[in-house]
Amino acid sequence: QVQLLESGGGLVQAGGSLRLSCAASGLTFMRYTMAWFRQAPGKEREFVSAIRWSGYAFLADSVKGRFIISRDNAKNTVYLQMNSLQPEDTAVYYCAANAGSGYYSTNAYDYWGQGTQVTVSS
């Protein structure tokens, strides 16, 4: 049974930082592209960042220069370092795993975590 368990969310002031973690189990981690999506109230789930097994990363334009994705294949864990957080970053952040070649669309992903809330106060 595949499980993706996110942690690290919370409440932070604008300009602050948080580091999200996603621990994966039940899958061959190195075969999967891992990603972070987010969903704000009343909005659709949107792509934030993804990383291939090799470490090649993709970032949404809205987070370039502020967020960094990384993975530790030995620990089956993917991270999202979020810096210079702004109120518009407030959302539930989801970890996802994808065995295919796509990375941007939610439809490309096979497995999802339950999400972790990130709230940025102004």
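The values are calculated or read from the model by the stated rules, or taken from the named source; none is laboratory data. Note that the structure is predicted; figures quoted are calculated from it, not measured. Backbone-built Cβ (ideal geometry, glycine too); neighbour counts: all protein chains shown. Side chains included, ligands, DNA and RNA excluded: accessible areas come from the protein's heavy atoms. Shrake-Rupley method; radii C 1.70, N 1.55, O 1.52, S 1.80 Å.
Points worth noting:
- Residue match in the range 77-87 (condition: surrounded by fewer than 18 Cβ atoms within 10 Å (Cβ to Cβ), closer than 22 Å to Ser121 by Cα and within 10 Å of the chain's Cα centre (by Cα)): yes
- Residues in the range 107-122 that are surrounded by fewer than 22 Cβ atoms within 10 Å (Cβ to Cβ) and more than 12 Å from the chain's Cα centre (by Cα): Asn107, Ala108, Asp110, Tyr111, Thr119, Val120, Ser121, Ser122.
- In the range 56-65 there is no residue matching the filter, namely being assigned to a strand (DSSP E or B), out of contact with any Leu (no Cβ under 9 Å at 6 or more places or on another chain), among the charged types (D, E, K, R) and surrounded by fewer than 19 Cβ atoms within 10 Å (Cβ to Cβ).
Results for (1) over 24 Å from Gly15 (Cβ atoms); (2) free of Cβ contacts under 8 Å to residues at least 60 places away in the same chain; (3) of a type in the set (Val, Ile, Thr), shown as yes or no for each residue.
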residue	(1), (2), (3)
Ser49	no, yes, no
Arg52	yes, yes, no
Leu59	no, yes, no
Ser84	no, no, no
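- Applying the condition of being part of a loop (DSSP other than H, G, I, E, B) and closer than 24 Å to Pro87 by Cα to the range 1-16 and asking which residue is least open to solvent (accessible area, probe 1.4 Å) yields Gly16.
- Subset of the range 72-82 [in contact (Cβ under 8 Å) with a residue 12 or more places away in the chain and out of contact with any helix residue (DSSP H, G or I) (no Cβ under 8 Å at 6 or more places or on another chain)]: Lys75, Thr77, Val78, Tyr79, Leu80, Gln81
- Selected residue [surrounded by fewer than 16 Cβ atoms within 10 Å (Cβ to Cβ) and at negative phi] from Arg71, Arg52, Arg19: Arg19
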